[in-house]
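Written out below as structure tokens is the structure these notes cover.
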Amino acid sequence: MDKECDLQKIAFHSYLETSLNSQLSFLAGGLIGILILIIPLFYDGVFDVFGGRFLGFIPFAVVLVGIFYAFSRILKHIKDQQTQHLSLIFELISNTEKGEPMPSLTDLKKKVNPKNN
């Protein structure tokens with residue numbers, strides 16, 4: 001019975017995976033939404049400087065580079081979280097294989113989000 005409960009706690013992985021997938025989905029949706037906003041503005045000439053289409057490309061490119069930089073930093077943070085979560089899962093699996101008792105679900109949540117305690 002204890003072994004089954006411990007293995008169910010390993011299903012905690014689905015909780016972690018869901019939180020990461022939701023973050024990635026919101027990130028992808030935000031990127032697509034911003035691009036849908038920015039590209040028509042460029043096409044309509046909002047970024048044109050001194051009436052020239054070529055000079056309007058410079059502010060447009062700066063905005064795009066800034067957006068992609070911000071999104072790459074957010075993506076790196078999400079991937080770092082995923083790495084931490086996977087190492088926690090592997091630790092839980094190895095502890096279960098050794099027959100060691102697993103911490104409670106509240107302790108597992110504290111390991112996942114130490115800042116929220």
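Output the number of residues of the range 72-116 satisfying the condition of being assigned to a helix (DSSP H, G or I), farther than 24 Å from Leu27 by Cα and of a type in the set (D, E, K, R).
The qualifying residues number 6.
Of all residues in the range 44-54, count the ones that are assigned to a helix (DSSP H, G or I) and either exposed (fewer than 10 other Cβ atoms within 10 Å of the Cβ) or at pLDDT 85 or above (or both).
Count: 1.
Can we say Asp107 is surrounded by 13 or more Cβ atoms within 10 Å (Cβ to Cβ) and without any contact (Cβ under 8 Å) to a residue 12 or more places away in the chain?
No: the conditions fail for Asp107.
The values are calculated or read from the model by the stated rules, or taken from the named source; none is laboratory data. Being a predicted model, the structure only gives us computed values, none of them experimental. Positions of Cβ are generated from backbone atoms using ideal geometry, with glycine treated the same way; all protein chains shown enter the neighbour counts.
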